[in-house]
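FYI, it's all coordinate maths here, none of it is from the lab. All values derive from a computational prediction rather than experimental measurement. Here the Cβ is made from the backbone with ideal geometry for all residues, glycine too, and neighbour counts use every protein chain on show.
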Amino acid sequence: MIKLANHIHFMSEKLLKKDALDYHSSGRKGKIEVIPTKPYTSQRDLSLAYSPGVAEPCLSINKNVDNVYKYTAKGNLVAVISNGTAVLGLGDIGPEASKPVMEGKGLLFKIFADIDVFDIEVNETDVEKFIATVKAISPTFGGINLEDIKAPEAFIIEERLKEELDIPIMHDDQHGTAIISSAALINALDIAKKKIEKVKIVVSGAGASAQSCLKLYISLGVKKENIFMFDSKGLLHESRKNSLDENKRFFMQKGSNLSLQEAFKKADVFLGLSKGGIVNEQMIKSMSKNPIVFALANPNPEIEYDLALKTRDDVIMATGRSDHPNQVNNVLGFPYIFRGALDVRATKINEAMKLAAVKAIALLAKEPVPDVVNEAYDAKSISFGRTQIIPKPLDPRLIYWVAPAVAKAAMESGVAKKPIKNWEKYELELMERLGLNNKLIRNLTDKAKRNPKKVVFAEADHYKILKAAEMALEEGIAIPILLGKRQKIQKIIDEYNLDLSNCEIIDPRNESELKHREGFAEILHEKRKRRGLTFYEAKKLMRERNYFAAAMVETGMADVMISGLTRSYKDSIRPALRVIGVEDGLNKIAGMYILISKDGPMFFADTTVNINPTVEEIVDITLLVAKTVKQYKISPKIALLSYSNFGSNEGEDAIKMREATKILHEKHPGLIVDGELQANFAVNKELIDDFFPFSMLSGKSANTLIFPNLSSGNIAYKLVKEMSQREAIGPILLGMKKPVHVLQIGSSVREILNMITLGVVDVQNRK
């Protein structure tokens, strides 16, 4: 049994003791809390939440018990229940000692599938009393996840509860590893080119998890007679029939009573769910061609990963560890299985639903891996193969691959009370649950695809740029033009197997570009000759990629310029300002960031350009931002921020923002803008309603924040980004005559791709 709750990382002894204790005890104790989902700030709110208003949903549920799903959290609430008799790696430690594990399981349910959890630790080892306890509290929950209950009691408890309750029940210790390892087995056999009905499987470990794995393997096509299962006393063999329980007798072998080492000869698959170090090199060497080794004991696998690969270069290896490829981790399954089951109000989790999860996980592993996953695992390019037979636990696509597959299987097998009718809508809902549904980016991407533009990359000799260019090309967003030394760029393309064969590569320093350099120099010289720039200096500057790229945009050879990954912001922006310049009628440009949240995008400005803008410049910045936000099909609700609320304090910044607001109200009455405002009032509609009902932002939450100076804007967006782990898009350069976008140094591939998308849409909006 492999769980993220206990083994996200295999830490040093120090971390396992001091740091782990500090983690759980620091600040608010434990790992989970209950958060209200309804307003509660007023007496009226409290009257609706409790007495007397709460009587109405109570009476409605009394008339129709199914209304409990309409008026309460039951439909999204799972109980994680244990008696602490078989806590992973710790054994029978009791209910209180198991609580950190159960809280951890609750945390995983929430962060991976947006499922709420109450962890319940039951001080009861008697099977009948335990079952009675769970049944008695079951009306509270939409599903029950049994956890860390010793065998064989776990089998009895689960089967009885599945029979006697009409909500999804799953003992994850049994089924979690079974589902994930089954997906891994399917793909490993595909790579090894072996048929499932013919493979010989050796198993070390005969507990609940191992038995569940094999039963699922048999459902997939493995022949029972090809399974050799070992417990601590040896092979489950007919000679031991009288000493084996009913569950173990199911896997008994006939014929020769083999040792573990003997069983390994010509075996195709090894499944380890026992203890570390029991498999040696000789055993691995004796296996068949392309052996599949699932050494899943934690923290130490049955054979170390590096040793197995050193012994056989054709081995396909999986462990339960996060520091090796192919981590068989239950978090790949249980959050999404329950998600799908809850969403169709399934009465149980049956075999069809488990198999659907297996197949969905297996198929996802074969899909191209998004860059967000590569970055999460500090990898350049993860792809299906011997080191990627199952998806990574942090793959955000799991929720909308696995949950719909489970939901569909529940419907087809007749256990769904609330069938899903619109699958596209359901997928979007799943994405929204975890903030994955970035409507802004999705809409902009769709728009970009309709009319892709030529994007010139001034720093094309960097892997991140080339990877983003490849993704943009593949998605049909842009036509990349790569600037830099051809040989260096081609080397990176070849090294990472990137598909950029149809992209133009230009070396501004090459003699073949002399004509372009001279033409571009004439343009720059004409613009800057009265600022002391000679034609000779202009020609020299055009050997630099940022100047060359800007000139390509200026002359129409390219539509958008992207730069800044490896150079300072000012060094990247200066060439564009000199060659292209600002929009007619503007004296200043501005920088804006977009921060994505589950509630929608937030726009921050100025965050990159103007150190201490004047009143008039604040007005210009606000109008620039408002114009851009409208282009994204979003209505800007703008707050001009300060430390003051509507004159409550004096001071340079407060007065500046107050006067800018006055100008905006007078000259642009249709714009929803107000200030000066403190940030908390700007983003909390209840707060501004209570204190400033006269405000244009009353009843609204501002989605566009204008800051009095660069320092406050830059600090604010970076703090919000890091502390809330929001995705940031930017900086978006506003006010340039033609599209130029400057990246932050060290931007991720995802951030670069987002910038490409925005740049292409920027071009489209100017036509």
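In a reduced charge model with +1 at each Lys and Arg Cβ and -1 at each Asp and Glu Cβ, segment 590-735 shows a dipole moment near 560 debye about its Cα centre. Between 0 and 90 degrees, the angle of helix 95-113 with respect to the longest Cα principal axis of the chain falls at about 50 degrees.
Note down the magnitude of the dipole of segment 108-164 about its Cα centre, charges +1 on Lys and Arg C-beta and -1 on Asp and Glu C-beta and zero elsewhere, to the nearest 20 debye.
Details: 6 positive and 14 negative charges, 20 e Å.
Dipole magnitude for segment 108-164 comes out near 100 debye.
Between Gly581, Leu524, Phe603, the Cα set farthest toward the positive side of the dipole of the chain (charges on each charged residue's Cβ, about the Cα centre) is that of Leu524.
Going from the alpha-carbon gyration tensor of the chain, what semi-axes, largest first and in whole Å, does one get by taking the root of 5 times each eigenvalue?
Values for the chain, descending: 55, 37, 20 Å.
Going by the alpha-carbon gyration tensor, a ≥ b ≥ c the square roots of its eigenvalues, is segment 175-327 rounded (a/c under 1.5) or, if a/c is not under 1.5, prolate (a/b greater than b/c) versus oblate? Rounded shape, in that the Cα axes give a/c under 1.5.
Taking segment 444-579 on its own, what percent of its Cα-Cα pair distances exceed 23 Å? Summing the P(r) of segment 444-579 above 23 Å gives 34 percent of all pairs. As a proxy for reagent exposure, ranking Asp116, Asp268 by other Cβ atoms within 10 Å from fewest up yields Asp116, Asp268.
Between Ile111 and Leu719, the simple label model (points 7 Å from Cα in the Cβ direction) yields a spacing of 2.4 nm. Spatial offset of segment 77-114 relative to segment 443-497 amounts to 46 Å, using the alpha carbon center of each. Each Lys and Arg contributes +1 and each Asp and Glu -1, all at the Cβ; summed about the Cα centre of the chain, the dipole is approximately 1880 debye. Under 19 Å of direct C-alpha separation, and excluding same-chain neighbours fewer than eight residues apart, Lys241 reaches these lysines: Lys224, Lys233, Lys254. Please compute, over every Cα-Cα pair in segment 332-433, the percentage with a separation greater than 18 angstrom. I get 47 percent for the Cα pairs in segment 332-433 exceeding 18 Å.
Can you list which of the GluC sites (Glu not before Pro) found in segment 432-537 are DSSP loop residues with at most 12 other C-beta atoms within 10 Å?
Taking segment 432-537 and a limit of 12 other Cβ atoms within 10 Å, no loop GluC sites (Glu not before Pro) are found.
Would you tally the net charge around Glu225, using a Cβ to Cβ cut-off of less than 13 Å, leaving Glu225 out, and scoring K and R as +1, D and E as -1? In short, +3. Among the listed pairs Lys392/Lys700; Lys215/Lys348; Lys105/Lys193, those with a Cα-Cα distance over 28 Å are Lys392/Lys700; Lys105/Lys193. Straight-distance candidates among the aspartates and glutamates for linking to Lys38, with alpha-carbon spacing under 13 Å and chain neighbours fewer than 8 residues away dropped: Glu686.
With a ≥ b ≥ c the root eigenvalues of the C-alpha gyration tensor of segment 590-735, is it rounded (a/c under 1.5), prolate (a/b larger than b/c) or oblate?
Taking the square roots of the gyration eigenvalues as a ≥ b ≥ c, segment 590-735 is rounded.
Could you tell me the calculated FRET efficiency between Lys685 and Lys627, based on Cβ-Cβ distance and R0 = 35 angstrom, to the nearest 0.05? With R0 = 35 Å, the Cβ-Cβ based efficiency is 0.90.
For a straight C-alpha distance cut-off of 19 angstrom, the lysines reachable from Lys721 (same-chain residues fewer than eight places away being disregarded) are Lys439, Lys598. Cβ crowding within 10 Å, taken as a proxy for footprinting-reagent exposure, orders Ile137, Ile688 from fewest neighbours to most as Ile137, Ile688.
Compared with the dominant principal axis of the Cα atoms in the chain, helix 545-555 is inclined by about 70°. Each helix, a run of at least 4 DSSP H residues, gives -39500 (n - 2.57); summed and divided by the residues of the chain, these come to -13500 deg cm²/dmol at 222 nm. Ranking Leu697, Ile157, Asn329 by how far each Cα lies toward the positive end of the dipole of the chain (charges on Cβ) leaves Asn329 at the top. Since only Leu189, Gly205, Phe250 are under comparison, the one whose Cα sits farthest along the positive direction of the charge dipole of segment 175-327, derived from C-beta charges on Lys, Arg, Asp and Glu, is Phe250.
Principal-axis analysis of the Cα atoms of the chain puts helix 652-667 at an angle of about 80° to the longest axis. Rounded to the nearest 5, the antiparallel percentage of DSSP beta bridges internal to the chain is 25%.
Applying both filters, DSSP loop and at most 12 other Cβ atoms within 10 Å, to the trypsin sites (Lys or Arg not before Pro) of segment 281-389 gives Lys289.
For the pair Glu544 and Asn280, the difference between a 0.36 nm per residue extended length and the Cα-Cα distance amounts to 89.2 nm.
Pairs from the list Lys464/Lys737; Lys129/Lys408; Lys110/Lys418; Lys588/Lys656 with a Cα-Cα gap above 24 Å: Lys464/Lys737; Lys129/Lys408.
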